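Student: Please find one structure pasted underneath; my questions will follow.
The values are calculated or read from the model by the stated rules, or taken from the named source; none is laboratory data. Just so we're clear, the structure is a prediction, and the values are computed from it rather than from any experiment. Here the Cβ positions follow ideal geometry from the backbone for every residue, glycine too, while neighbour counts run over all protein chains shown. Remember, those area values only see protein heavy atoms, side chains included, never the ligands or the DNA or RNA. Shrake-Rupley method; radii C 1.70, N 1.55, O 1.52, S 1.80 Å.
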Amino acid sequence: MSQYHTFTAHDAVAYAQQFGGLDDPSELVSAQEVGDGNLNLVFKIFDTHGVSRVIVKQALPYVRCVGESWPLTLDRARLEAQTLVEHYQHAPEHTVKIHHFDAELAVMVMEDLSNHRILRGELIQGAYYPQAAQQLGHYLAQTLFHTSDFYLHPHQKKAQVANFINPEMCEITEDLFFNDPYQVHERNNYPAEIEADVAALRDDAQLKLAVASLKHRFFSQAEALLHGDIHSGSIFVADGSLKAIDAEFGYFGPIGFDIGTAVGNLLLNYCGLPGHSGIRDAAAGREQRLVDIQELWNTFAEHFQTLATEKTQDAALAYPGYASEFLKKVWHDAVGFCGTELIRRSVGLSHVADIETIKDDTMRHACLRHAISLGRALIVLAERIDSVDELIARVRQYS
Ligand SMILES: Nc1ncnc2c1ncn2[C@@H]1O[C@H](COP(=O)(O)OP(=O)(O)O)[C@@H](O)[C@H]1O
Ligand SMILES: CSC[C@H]1O[C@H](OP(=O)(O)O)[C@H](O)[C@@H]1O
């Protein structure tokens, strides 16, 4: 039986030789640890020509970016692998392929996407992938519809909800999104220059009521198997291709959370662009982000509606008009969750390179303030923002 130990590069090569699915495993000869996320080890496994052929990812028993003082469940590796396997069944063209996983070792072997690039870096550099927003909308519609009550038999759905119970990872989201930014907390991380903006969040009763309602929905609405952390650092892109990775926050939650996280990261890029390019380029990039958001939501909603019309199994949920009513609720949730992503990435523990890498302090602080004020507006106005066009109008209003 396998027993947990933290992999060295040597262990990772041996493991990839055994489980990487190559015809000639002896081709795999070396490994490099390339993890740049907050949580895990990621090894690229190279062949004799120095070409990366397969990925070995292992969970550490603690939060990597903080250290051993913050222990964290190894079960997250099983949850990540099983979420990606489930999503792959419904969106194989947009989900990284898992070749093998071992729950005891908290390790998985997966498809190497070294011929792709992480979307966040591409957005910061101004690279444009014309199909990416629609592909992301398609991924979300496929995975969220086919794991929802519209499609699954009630017994199957309940068994799936049980299998994907993910309390420790959900607790991180519950704390980082819905608690920390609205109180004084040692995990918070922001420059002293924006203290007044952050203090205002703590004193804002209207905002805190709206955040409580969003957190309550995150706790209780088991609508579909979410990715759970679908930010632009969890998405690989190449010409004509988009693939989701890193689903260890996967659980059955409100569909609007995944949509809101994805839209929120496009808006974080929108907020940060003036810090990375000249005024004219920033303006053009920002317009493109707004188009991206429109394409993402429209593709998601149209595709989800089509799937609901053609494939809903439940007699009551199949009643004409119900799916479109449900999508209105998903939209309002998405706007609110999007606002919480903007605020937690500006005030909380984990920030985004779109803003964090802006060298000029004054500009970076202005971008942080922009993300905070836009996030607040979206949270408190969410129920009154009825369409993606209205969202875009609000984004322009708060620019
Ligand atoms: N399938 C893959 N192919 C190529 N590189 C990968 C793959 N998965 C992860 N990586 C690299 O490892 C980094 C961290 O991976 P990620 O899954 O985001 O880790 P974490 O769970 O710690 O956030 C990614 O930003 C990417 O550079
Ligand atoms: C203590 S985890 C903080 C943060 O990190 C995760 O992102 P990633 O795994 O992609 O680095 C997630 O967004 C968490 O909220």
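Student: For the range 30-80, how many residues meet the condition of being within 11 Å of ligand 2 (Cβ to nearest atom), open to solvent by less than 50 Å² (accessible area, probe 1.4 Å) and polar (S, T, N, Q)?
Tutor: Of the residues in that region, 1 qualify.
Student: Moving to a separate point now. Within the range 1-68, which strands (runs of 3 or more DSSP E) (wholly inside it) include 1 or more residues that are within 15 Å of ligand 1 (Cβ to nearest atom) and among the aromatic types (Phe, Trp, Tyr)? Before the answer, list the steps.
Tutor: Values: elements: 28-33, 40-47, 52-59.
It comes to 40-47.
Student: Being surrounded by 15 or more Cβ atoms within 10 Å (Cβ to Cβ), in contact (Cβ under 8 Å) with a residue 40 or more places away in the chain and not β-branched (Val, Ile, Thr) is the filter here; which residues of the range 303-325 pass it? Walk me through how you get there before you give the answer.
Tutor: The first filter runs over the range 303-325 and keeps only residues surrounded by 15 or more Cβ atoms within 10 Å (Cβ to Cβ), leaving 303-305, 307-308, 312, 314, 317, 322-323.
Filter once more, so that each one left must be in contact (Cβ under 8 Å) with a residue 40 or more places away in the chain: 303-304, 307-308, 312, 314, 317, 323.
Within the range 303-325, His303, Phe304, Leu307, Ala308, Asp314, Leu317, Ala323 qualify.
Student: Return the only residue of Gly240, Gly228, Gly260 being more than 14 Å from ligand 2 (Cβ to nearest atom) and either in contact with a Pro (Cβ under 7 Å, 6 or more places away or on another chain) or of a type outside the set (Asp, Glu) (or both).
Tutor: Numbers: Gly228 fails: more than 14 Å from ligand 2 (Cβ to nearest atom); Gly260 fails: more than 14 Å from ligand 2 (Cβ to nearest atom).
Among Gly240, Gly228, Gly260, only Gly240 is more than 14 Å from ligand 2 (Cβ to nearest atom) and either in contact with a Pro (Cβ under 7 Å, 6 or more places away or on another chain) or of a type outside the set (Asp, Glu) (or both).
Student: Residues in the range 179-211 that are in contact (Cβ under 8 Å) with a residue 24 or more places away in the chain and under 15 Å from Ala382 (Cα atoms): how many?
Tutor: Of the residues in the range 179-211, 5 are in contact (Cβ under 8 Å) with a residue 24 or more places away in the chain and under 15 Å from Ala382 (Cα atoms).
Student: Moving on to the next point. Go over the candidates Thr147, Thr173, Thr143 one by one and state the one that is within 21 Å of Asn298 (Cβ to Cβ) and of a type in the set (Ser, Thr, Tyr). Walk me through how you get there before you give the answer.
Tutor: Values: Thr147 fails: within 21 Å of Asn298 (Cβ to Cβ); Thr173 fails: within 21 Å of Asn298 (Cβ to Cβ).
Answer to the check: Thr143.
Student: Is it true that some residue in the range 81-93 is open to solvent by 60 Å² or more (accessible area, probe 1.4 Å), under 24 Å from Asn265 (Cα atoms) and more than 16 Å from ligand 2 (Cβ to nearest atom)?
Tutor: Among the residues of the range 81-93, at least one is open to solvent by 60 Å² or more (accessible area, probe 1.4 Å), under 24 Å from Asn265 (Cα atoms) and more than 16 Å from ligand 2 (Cβ to nearest atom), which makes the answer yes.
Student: Of the residues in the range 354-386, how many are within 24 Å of Ser324 (Cβ to Cβ) and open to solvent by less than 40 Å² (accessible area, probe 1.4 Å)?
Tutor: Within the range 354-386, the subset within 24 Å of Ser324 (Cβ to Cβ) is 378, 381-386.
Checking which are open to solvent by less than 40 Å² (accessible area, probe 1.4 Å) leaves us with 378, 381-382, 385.
Qualifying residue count, the range 354-386: 4.
Student: Among the helices (runs of 4 or more DSSP H) lying completely within the range 161-250, list those that include at least 3 residues that are within 16 Å of ligand 1 (Cβ to nearest atom). Walk me through it before giving the result.
Tutor: On the way: elements: 167-178, 195-202, 205-220.
Fully inside the range 161-250 and qualifying: 167-178.
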